[in-house]
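The values are calculated or read from the model by the stated rules, or taken from the named source; none is laboratory data. Everything quoted here is computed from the prediction, not taken from an experiment. Cβ placement follows ideal geometry from the backbone for every residue including glycine, while neighbour counts extend to all protein chains displayed. Heads up: the accessible areas ignore ligands, DNA and RNA and are worked out on the full protein's heavy atoms, side chains in. Shrake-Rupley method; radii C 1.70, N 1.55, O 1.52, S 1.80 Å.
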Amino acid sequence: MILFKNKHGEIRAGWALALIMAIYYASWFCVAELTQAIASLAVKIGGSPDLGNQILAAVFGTALFRVLAGALMIGLLWLMFKLVYNRPFVQIGLYKAGFLKQMGFGLLFGIAVASLVVLILLAVGAAQLTELNLANIFTPAVWNVFVIFLSVGIYEEILTRGAMMTVLKTTRNKWLIVLVPSAIFGLIHLFNHNIALLPVINIALFGVLFSYLFAKTGRLWAPIGLHITWNLFTGIIYGMPVSGSSFASLAIIELTGSKWLTGGAFGVEGGVLCTLVVVLGLAYVHFFVKQAEGFWGFDSGLPLVRGGGND
């Protein structure tokens, strides 16, 4: 049993992380396979390939795929904490108390960080506004992207901050609790378009910022808010690539400066400027965000034995 449990009788963090990653990939696989099966069945019943193609387009071509996979992922994580740890899922940082205040702060934080990056790029001539069409806000394409970014901000934070950081408490090492999920957060973007080393590092640094904000506020709401509006404003509002992909937007800001500064086709997350802004964000959280009491913390809820600790 020493292979699976540590000296405190807790499930080793490595196994828990492996299970979480299995849930992550299984969620995408299950939704994809189910969609394919439904499309094939529809073709057999209806006799028309067009019907199957319409079903595939309705799922894979819209935000629905991410919403379904994200919902399944969260449901399986809930089941994991119920069966493996016998603990309420809220203990990963989903406490209701302070929801509006923390979410509002996170949303504003994301807007500020994204806007700061854009203003600097425009000021130094490394970017230029090439198109502005506010009427796009009424188009289905923009709302589809909005739902994508909304769902991504929620399920990625629950996965990498809430679930991973919580199970890593069994290591009793604050550095591991923060750095391991942040590294994983960077690595799961390895298959994005236009990926390179610096974007992976920057996304991992963003993971550290999200993790630190989570640890300071004691709830997931602020990191979720920051994650959502960073993507929304860089993508939908300012019209720049987000993590290697371009989306429908209200404006288009073309990144004309050096790739090392702007991130080029990957978007600002791939440039040195983003690195500097994330470091500034970490400094802001360190000096100006007050440490919360009585919520999620590095040492709260230990030991993570089945049903142990304070619920």
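For the stretch 112-140, residues that are touching a residue at least 12 places away in the same chain (Cβ under 8 Å) and small (Gly, Ala, Ser) total 5.
What are the residue pairs meeting all of these: first residue in the stretch 171-189, first residue within 15 Å of residue 156 (Cβ to Cβ) and of a type in the set (A, V, I, L, M), second residue open to solvent by 20 Å² or more (accessible area, probe 1.4 Å) and at pLDDT 95 or above, Cβ atoms under 6 Å, and 6 or more apart or on different chains? These pairs meet every condition: 183/204.
In the stretch 203-220, the residues that are closer than 19 Å to residue 231 by Cβ and among the polar types (S, T, N, Q) form Cβ pairs under 7 Å with partners that are in a helix (DSSP H, G or I) and at pLDDT 95 or above, at six or more places apart or across chains, as follows: 211/161; 211/165; 211/178; 211/181; 211/182. Restricting 48, 27 to those that are free of Cβ contacts under 8 Å to residues at least 24 places away in the same chain and more than 30 Å from residue 254 (Cα to Cα) reduces the list to 48.
Of the residues in the stretch 93-108, at least one is within 19 Å of the chain's Cα centre (by Cα), closer than 20 Å to residue 166 by Cβ and among the aliphatic types (A, V, I, L, M). Residue 301: open to solvent by 20 Å² or more (accessible area, probe 1.4 Å) and at positive phi, yes or no? When the stated conditions are applied, residue 301 passes them.
Is it fair to say residue 148 is buried (at least 22 other Cβ atoms within 10 Å of the Cβ) and farther than 28 Å from residue 300 by Cβ?
It is true that residue 148 is buried (at least 22 other Cβ atoms within 10 Å of the Cβ) and farther than 28 Å from residue 300 by Cβ.
The set of residues in the stretch 78-128 being in contact with an Asp or Glu (Cβ under 8 Å, 6 or more places away or on another chain) and either assigned to a strand (DSSP E or B) or modelled with pLDDT of 95 or more (or both) consists of 127, 128.
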